[in-house]
Amino acid sequence: MERTDPEGHGPVRYGPPAPEPGLPVLPELADVLAAAAGRTSTPEPPGGGLVLREAAAGYWWRRGLRSRPEEVAAAPGAQPLLLALLAAHGGDVLMPRPCPAWWTPQARLLGRPAYHVPTPAECGGVPDPYALLETVRRVRAEGGTPHLLLLSVADDPTATVAPPELVREACEAAVGEGLHIVSDETWRDTLHRPHERVLLSPAEMCPDDVTVLSDLSGALAPPAWPVAVARFPATEGATVRRARVLDILTALGAFVAGPVAVAAAHALGEPAPVTTRSARAAALHGQVAAAAHRAVLSAGALARPPQAGRHLYADLGPLRGRLAARGVTDSMELEDYLSVSLGSPSPGGHRFGDELGALRVRLGTAALLGTTPEERLQSLASDQPLELPHVARSLDSFASAFDELR
């Protein structure tokens, strides 16, 4: 679907990026789900049952965030949970540029203005503190009421991890201006080199002013089993907002399916098979992303080194002339061109809040792991996945598509 971009950049194709192939379901999780498949008499209550919320609290406790079940809410996916959070808080919303493709539509669905703030050169996910202050003051001068800042320290789409000092400065700026922070930490457990990278949650620095959101599809559960959890601050105001969130989830009918809740609670408990799979998957995507990054740079394009997640965010601006000769002049045309050239979904930067005229695109690593479940499992099990024939062929084809633009 195409509409006119409210920021004046021309027609924009809305809707989520096409789904990407994932790794096969962890057998242990499949067994847990199957054992709970007959659960019909005790549906999950709004915000999730006690077992699920206790598991989520334990998950955050192990990461240094003291949590209690009564400070947690669950929903069938991050989208309805964020929608409820936005509705419960009110006010205008600020978010980094670029940002996850599903953030801006949530604000628009509620009729809320969404303002995109530039990110610094070293990473995405967290706004530049000075640009944030300038944006807040400009919005207020124009009669707006900024109340919320969305950010992600381990970011999709840029696959970067924000340095702790930047997180601190951005959070201090936001709290100083009276903003509440929603920290999307879906990808925090997908760091490619976790022993070399420090991830600092905003909730560690500003415990009374941050709500943490996590979609389990990032590292712990398959995307086809929708479940996300939110951790609220231990304050009186947060207790009121959590109650409002539960009301909204009830009105939406957004309840976690009973069998999925059982499997999610098991995953949040982080038994050895779950953590081993998560670590191996992160390392695998990291190796493949690094190879894809080298291919993009070799063609003359730009991209920050990928540090987390399953994507690479590339800027093909330096190749504008060669792309124009192929009829590609904006990110929507770039999306169409690369999706065909690479044979896999390659959503343009306009889906992530970037300007339509900027030639930016998110490139996925999942499609490079194999075309069948068997090949993807082989990639996961290998200590040298780049040497596997099917991965090597995928990377050669990927590099060739960019070499044509040199």
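Okay, here's what the table says:
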quantity: Segment ARG39-ARG320, length gained on full extension (0.36 nm per residue, minus Cα span); calculated: 95.6 nm
quantity: Probe 1.4 Å, protein heavy atoms only - accessible area per residue of the chain in square angstrom; calculated: 41
quantity: Isotropically averaged projected area of region 186-299, using the convex hull of Cα atoms (one quarter of hull area), nm²; calculated: 9.8
quantity: Solvent accessible area, Å² - ARG280, 1.4 Å probe, full protein context; calculated: 90
quantity: Rounded to the nearest 20 debye, dipole of region 94-156 from Cβ charges on Lys, Arg, Asp, Glu; calculated: 340
quantity: Selection of GluC sites (Glu not before Pro), region 88-147, meeting DSSP coil and at most 15 other Cβ within 10 Å; calculated: GLU122, GLU142
quantity: Cα shape, region 87-151, gyration tensor, a/c 1.5 rule; calculated: oblate
quantity: Neighbourhood net charge (15 Å Cβ-Cβ; Lys/Arg +1, Asp/Glu -1) for ALA173; calculated: -3
quantity: Packing-based order for 336-348, 224-236, 192-204, using average beta carbon neighbours within 10 Å, highest first; calculated: 224-236, 336-348, 192-204
quantity: Mean separation of Cα contacts under 8 Å, 6 or more apart, over the residue count of the chain: relative contact order %; calculated: 20
quantity: Per-peptide average of other Cβ atoms within 10 Å, ordering 83-93, 155-165, 377-387 highest first; calculated: 155-165, 83-93, 377-387
quantity: Dipole magnitude (debye, nearest 20) for the chain, charges at Cβ of Lys, Arg, Asp, Glu; calculated: 180
quantity: Helical segments meeting 27 Å axial Cα length and Kyte-Doolittle -1.0 threshold in the chain (DSSP H); calculated: 272-298
quantity: With every protein chain in place, the chain: carbon and sulfur % of accessible area (1.4 Å); calculated: 54
quantity: Relative packing of 241-252, 304-315, which averages over residues the other C-beta atoms within 10 Å, highest first; calculated: 304-315, 241-252
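The values are calculated or read from the model by the stated rules, or taken from the named source; none is laboratory data. These numbers were taken from a predicted model, which means no experiment stands behind them. In this analysis, Cβ positions are derived from the backbone assuming ideal geometry, glycine residues included, and neighbour counts consider all displayed protein chains. Side chains are part of the model used for accessible areas, which takes the heavy atoms of the whole protein and leaves out ligands, DNA and RNA. Shrake-Rupley method; radii C 1.70, N 1.55, O 1.52, S 1.80 Å.
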